[in-house]
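The values are calculated or read from the model by the stated rules, or taken from the named source; none is laboratory data. If you're wondering where the values come from, they're calculated on a predicted model, not measured in any experiment. Backbone-built Cβ (ideal geometry, glycine too); neighbour counts: all protein chains shown.
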Amino acid sequence: MEGRQNWPISSLSLLLLFNLLFILVNSTSAIDSSSVAAYTPPDNYLIDCGSPQDTKLDDGRTFKSDSASRSYLETNEDVQTSVDYISVKGFSVSSSALPLFRSARILKAVSKYTFYITRPGWHWVRFYFHPLPHPVYDLTSAVFSITTDEVVLLHDFFVKDNSTLVFKEYLFNVSGDRFSLLFKPKERSYAFINAIEVVSAPDGLISDSASTVPQGGTLNGLFQHAFEVCYRLNVGGPTITPMNDTLSRTWLPDTPYNVFPQGAQNASIMPSAVKYQQSGATPYIAPSWVYATADEMAESETLQPNFNLTWQMNVDPGFSYLIRMHFCDIVSQALNDLYFNVYINSMMSVSGLDLSSINNALSTAYYTDFVLNASSIRNGSVRVQVGPASGMQSGIPNAILNGLEVIKISNSVRSLDGLFGVDGPSGGGRTMKIVAGVGLAMAVTAMLLLAIVCIRWQQRPRDWEKRNSFSSWLLPLHTSQSFFSTSRSSSRRSSMFGSRTSKSGYSSNFSNQDLPEDKCTGHITALEKPNGKVCGGDSGVSVGDDSQVTVTSPLFSQIENFQGR
């Protein structure tokens, strides 16, 4: 009887245990975005260059003043400028960052910032530029380059409009315990910088491999490259400030880059409803705010829509690009309802993308990377499209995109701005070394030939003008013998164009009997004997007493005739 009284308690315990296990299992398969702790970077250098005091932004970050960060800088002169207010037309950065553009440091000579790295790995490097007024230096005319020890970030960079704010963002895989930024003003110019960030980034932010475009290939070795973020778009949503991003990034609206906005409509859910799987995207890849909004096809109810959602961005055509696309199915009512194709520069990247088969859940974050080769870039732009997949037996024709990043990849000379490596044009690559070697060899050869000619000119006989030709001192020719010789000793000399040996052993010697009868044909064809006169005048042939004939070169004969006039 006591056992019967304890049975309901045991049943209740089992039920509670089952519910607890269910919660644990589900918590391992999906992560709530609100439960992710903020990332604390081991290295966090924030400098407000030229500022007399520390600057605290609305997102909670504090940038050190110029005086507090002097230990990082090596420069010859201390030139700063600052204003209380700036007037700009428009800007592509968060408004919370505006205080960073009110001061600047001016660098008149080569200068270097050096930062000690606590934990090697991926690091953000961010620059802020705005040409402030100065009584001596016109910052709109400043031209300069910025490099690390191995990578060129900016080459001959300038900002001509004093109402423009420029923000540059890079990602490096730092391997050493120090990281340097070298500012190199162009000759008779100077450099300037308003603010600098060197901040650690979490592991896993970039994979070492990515799919290539068109689909079917894989590119490995991305860890060996440096990256520049060109575009980071929150598709279908507003600007996301560093305050709402896990890594202090800024996401801009996609509207300026939407080629066909009439065909798109916004979709959104609460950011707290976005789920992350442990094996997929994380809040560090993109915050839930990105996945909570999207653009979908405005005419998705049409049986056969004949358009794609399209975004187009201008890029530098000399580089390859990492295209990162963010997806989260926030439009479907059930699984297996959404299939669409992905195109990059009109090339198929994914055929029949099925987010349900990847995530096995709705409202779950997913991202994928593609590498677009420089040879596939046309008209200096990257064009990203999503559209309904044809031939699908189920689902409503539709397509979505939640976020988009376009990231430049450093080239073969480890540059992110042109073909200038750290060591100069093309980085001293193998091809340029070969070209330089060939050019040097040709230059040396030309100099040697010129030296020989000069020496021969200095050694020419004084009476060279009175001689029959100039070849005796300039060229190793013997004009007295010319191409035919009249003696046994001269027969051993070689003619320029070769020689013909007679049976008697003389080179190119002819007797009168060997020549044809007198004919006037314009060529030397007949001779008179024994006085040496020929038909047609002076033909360049002479007859000696031994009945041997010597013929001089037609070229030299013309020179002799010219000199005789």
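Data for the structure
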{"quantity": "Pairs where the first residue, in the range 201-223, is within 18 Å of Tyr39 (Cβ to Cβ) and the second is surrounded by fewer than 16 Cβ atoms within 10 Å (Cβ to Cβ), C-beta under 8 Å, 6+ apart", "calculated": "Pro202/Tyr39; Ile206/Phe223"}
{"quantity": "Count of residues meeting criterion [crowded, with 22+ Cβ neighbours inside 10 Å and farther than 24 Å from Asn411 by Cβ] in the range 309-329", "calculated": "6"}
{"quantity": "Residues within the range 240-264 that are touching a Phe, Trp or Tyr at 6+ places or on another chain (Cβ under 9 Å) and within 19 Å of Cys328 (Cβ to Cβ), tallied", "calculated": "10"}
{"quantity": "Answer residue from the range 30-49, given it is more than 28 Å from Asn173 (Cα to Cα) and either modelled with pLDDT of 90 or more or in contact with a strand residue (DSSP E or B) (Cβ under 9 Å, 6 or more places away or on another chain) (or both) and is surrounded by the most Cβ atoms within 10 Å (Cβ to Cβ) among those", "calculated": "Ala30"}
{"quantity": "Test result for Ser180, within 22 Å of Cys230 (Cβ to Cβ), in contact (Cβ under 8 Å) with a residue 40 or more places away in the chain and touching a Lys or Arg at 6+ places or on another chain (Cβ under 6 Å)", "calculated": "no"}
{"quantity": "Residue in the range 277-284 that is closer than 23 Å to Leu219 by Cα, polar (S, T, N, Q) and part of a loop (DSSP other than H, G, I, E, B) present", "calculated": "yes"}
{"quantity": "Test: Gly391 is over 31 Å from the mean Cα position of the chain (by Cα), farther than 20 Å from Ala286 by Cα, in a loop (DSSP other than H, G, I, E, B) and free of Cβ contacts under 8 Å to residues at least 40 places away in the same chain", "calculated": "yes"}
{"quantity": "Among residues of the range 93-107, those that are closer than 27 Å to Lys186 by Cα and polar (S, T, N, Q), counted", "calculated": "1"}
{"quantity": "Complete set of residues in the range 247-270 that are closer than 27 Å to Arg61 by Cβ, buried (at least 18 other Cβ atoms within 10 Å of the Cβ) and out of contact with any Leu (no Cβ under 7 Å at 6 or more places or on another chain)", "calculated": "Leu247, Ser248, Arg249, Thr250"}
{"quantity": "Strands (runs of 3 or more DSSP E) contained entirely in the range 186-268, each with at least 2 residues that are of a type in the set (D, E, K, R) and within 30 Å of Ser103 (Cα to Cα)", "calculated": "227-234"}
{"quantity": "Which listed residue is crowded, with 20+ Cβ neighbours inside 10 Å and either modelled with pLDDT of 95 or more or more than 30 Å from Asp138 (Cβ to Cβ) (or both), from Gly236, Gly280", "calculated": "Gly236"}
{"quantity": "Residue identified as of a type outside the set (A, V, I, L, M) and either at positive phi or in the same structural domain as Ser94 (by TED's automatic domain parsing) (or both) among Asn220, Asn266, Asn194, Asn234", "calculated": "Asn194"}
{"quantity": "Qualifying residue in the range 195-216 (condition: buried (at least 22 other Cβ atoms within 10 Å of the Cβ), farther than 25 Å from Asn314 by Cα, more than 20 Å from the chain's Cα centre (by Cα) and β-branched (Val, Ile, Thr))", "calculated": "yes"}
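Here's the yes/no breakdown for (1) out of contact with any Gly (no Cβ under 7 Å at 6 or more places or on another chain); (2) part of a strand (DSSP E or B); (3) in the same structural domain as Leu98 (by TED's automatic domain parsing); (4) without any contact (Cβ under 8 Å) to a residue 40 or more places away in the chain:
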position: Tyr113; (1), (2), (3), (4): yes, yes, yes, no
position: Arg119; (1), (2), (3), (4): yes, no, yes, no
position: Tyr137; (1), (2), (3), (4): yes, no, yes, no
position: Thr140; (1), (2), (3), (4): yes, no, yes, yes
position: Asp149; (1), (2), (3), (4): yes, no, yes, no
position: Phe172; (1), (2), (3), (4): yes, yes, yes, no
